[in-house]
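Notes for the one structure printed next.
Readers should treat all values here as calculations from the given coordinates under stated rules, not as data from a laboratory. As the structure is a prediction and not an experimental result, all values here were calculated from the model. We place every Cβ from the backbone using ideal geometry, glycine too, and count neighbours over all the protein chains shown.
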Amino acid sequence: MSVKLLREGGPAARIAVIPGDGIGKEVTPESIKAIRSVLESARRQIEFVEFDWGADKFLREGVTLPSGAVEMLANEFDAILFGALGDPRVPSNQHAADILLGLRFKLDLFVNARPVELFHDRLTPLRDRSTNDVRFMVFRENTEGLYVGVGGFFKKDTADEIAVQEDVNSRKGVERIIRHAFDYARRNQLKRVCMSDKSNAMTFAHDLWQRVFKQLRQEYPEIESRHLYIDTLAMEVVRDPRQFDVIVTCNLFGDIISDLGAQLAGGLGLAPSGNIHPGRTSLFEPVHGSAPNIAGKGIANPLGSILTAGMMLDFLGWKSEGEILRRAVRSALQENFVTPDLGGDKGTAEVGDWIAARVGDR
Ligand code: NAD
Ligand code: IPM
Ligand code: MN
């Protein structure tokens, strides 16, 4: 199949859509509405192709990531818009590991970019903090660390059982994510980069992070570079988030600190992310999961997914359209046109319709 992708100078962007499970299926259509609306008024073309990969398909057919899927996505799509995976009927989380982690690893999406930005003062649980105080980017290493699945059981299901999970860190892997963080800071005139690890306890894996960081920071003398252990970082982002512009850390710590950051800026319902390999097919998803506790009720907040769509448009080179989506989200928050997680009484589709109308009406 020959397709003219946007990144190859083609006329339109081709987007694979994987809504997934639970509220992923509810919020993703709202993002698509918003994207269609903003691009229509900008006269840009986009094509969406939906894939039903998730718990239902896994339970029905035993298929998680279909064979050939990775190559198809890499060759035929500019980006992937993803909802969430996770279903109480699949306690092993096998399908999520195969699909989500599988795509992160196999597409080599080494940057997990998770911006933390407070859009309205009333949304932060921190006392006396305002929108200018909570604004930083978390870069989470996304292809290595404790997520690679190297390990095993010994004497499983006996009283003597041993479980091992290896933390795998390569010099190339550590170097490319730390370099990405510094380059991002330089490009955006941000003054500070903080690398966080646990090198006082993880004396091999994180010693590598220390050595690579010390070497790379010399190439960015204009940037104030700093190291904090992850436990201290967790404390400091709460005590005074103004200290941070860019945070770079390993896969697991990035997972945790990005949920903490999300809460400082209004909660998981508002947090976007991009799983990126610059120049290649990349995957965009809200930070939140499938939220089985509210799935099917039509009350999930779609704004995290819509901000995620904004990141995807930026990635496609359509920054002004991405900015229009962010402005519309800011207006919805200002006017309190929001779902119950933010104290409102609106439904998922109501908020989605409001945003779509707003971004189309210019
Ligand atoms: P979760 O993010 O699904 O939910 C945590 C809490 O935040 C819940 O109370 C939920 O109702 C609330 N919440 C999350 N998103 C919201 C939204 N858009 N609007 C309103 N409220 C929202 O995390 P969890 O409960 O720990 O995990 C549920 C499932 O999702 C698990 O199977 C987990 O593995 C999976 N998960 C998947 C992803 C992903 O696909 N990227 C991310 C995190 C968790
Ligand atoms: C996330 C999620 C995933 C992760 C899970 C579902 C494996 O929590 O995207 O933050 O830990 O990366
Ligand atoms: Mn997470």
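Selection of the stretch 263-280 for residues being more than 9 Å from ligand 1 (Cβ to nearest atom) and farther than 17 Å from Arg104 by Cβ yields Gln263, Leu264, Ala265, Gly266.
For the stretch 109-131, the set of residues classified as outside any loop (DSSP other than H, G, I, E, B) and under 30 Å from Ala13 (Cβ atoms) consists of Val111, Asn112, Ala113, Arg114, Pro115, Val116, Glu117, listed by residue number. Residue pairs whose Cβ atoms lie under 6 Å apart, separated by 6 or more positions or on different chains, with the first residue in the stretch 204-226 and under 27 Å from Glu166 (Cα atoms) and the second among the acidic types (Asp, Glu), are Ala205/Asp167; His206/Asp197; Trp209/Asp197; Val212/Glu175. Going through (1) of a type in the set (D, E, K, R); (2) out of contact with any helix residue (DSSP H, G or I) (no Cβ under 7 Å at 6 or more places or on another chain); (3) within 19 Å of Asp255 (Cβ to Cβ) one by one, Glu141 falls short only on (2).
Given the condition within 19 Å of Glu26 (Cβ to Cβ), in a helix (DSSP H, G or I) and within 17 Å of the chain's Cα centre (by Cα), answer yes or no: does some residue in the stretch 243-265 qualify? Looking through the stretch 243-265, at least one residue is within 19 Å of Glu26 (Cβ to Cβ), in a helix (DSSP H, G or I) and within 17 Å of the chain's Cα centre (by Cα). Taking the stretch 13-108 and the helices (runs of 4 or more DSSP H) fully enclosed by it, the elements with 1 or more residues that are closer than 22 Å to Leu146 by Cα and among the charged types (D, E, K, R) are at 102-106. Taking every residue in the stretch 276-292 that is closer than 19 Å to Ser31 by Cα and pairing it with any residue that is of a type in the set (Lys, Arg) and surrounded by fewer than 23 Cβ atoms within 10 Å (Cβ to Cβ), at least 6 positions away or on another chain, the pairs with Cβ-Cβ distances below 8 Å are Leu283/Arg104. Take the conditions within 16 Å of ligand 3 (Cβ to nearest atom) and crowded, with 16+ Cβ neighbours inside 10 Å and apply them to Arg114. Does it pass? Yes. Considering the conditions (1) within 16 Å of ligand 2 (Cβ to nearest atom); (2) under 30 Å from Gly9 (Cα atoms), Ile306 is excluded by exactly one of them, (1).
Here's the yes/no breakdown for (1) among the polar types (S, T, N, Q); (2) surrounded by fewer than 24 Cβ atoms within 10 Å (Cβ to Cβ):
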residue: Thr249; (1), (2): yes, no
residue: Gly267; (1), (2): no, yes
residue: Glu285; (1), (2): no, no
residue: Trp318; (1), (2): no, yes
residue: Leu333; (1), (2): no, yes
residue: Asp345; (1), (2): no, yes
residue: Ala357; (1), (2): no, yes
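Among the residues of the stretch 251-286, just one is more than 12 Å from ligand 2 (Cβ to nearest atom) and closer than 12 Å to Arg140 by Cβ, namely Ile276. If you go through the stretch 336-362 and keep only what is farther than 17 Å from Leu118 by Cβ and either part of a loop (DSSP other than H, G, I, E, B) or charged (D, E, K, R) (or both), you end up with Phe337, Thr339, Gly344, Asp345, Lys346, Gly347, Glu350, Asp353, Arg358, Asp361, Arg362. Within the stretch 159-169, identify whether any single residue is within 30 Å of Met312 (Cα to Cα) and hydrophobic (A, V, I, L, M, F, W, C), and answer yes or no. Looking for residues that are within 30 Å of Met312 (Cα to Cα) and hydrophobic (A, V, I, L, M, F, W, C), one finds at least one in the stretch 159-169, hence yes. Hey, does the stretch 208-231 have a residue that's under 30 Å from Arg129 (Cα atoms) and within 16 Å of ligand 3 (Cβ to nearest atom)? Yes, the stretch 208-231 contains a residue that is under 30 Å from Arg129 (Cα atoms) and within 16 Å of ligand 3 (Cβ to nearest atom).
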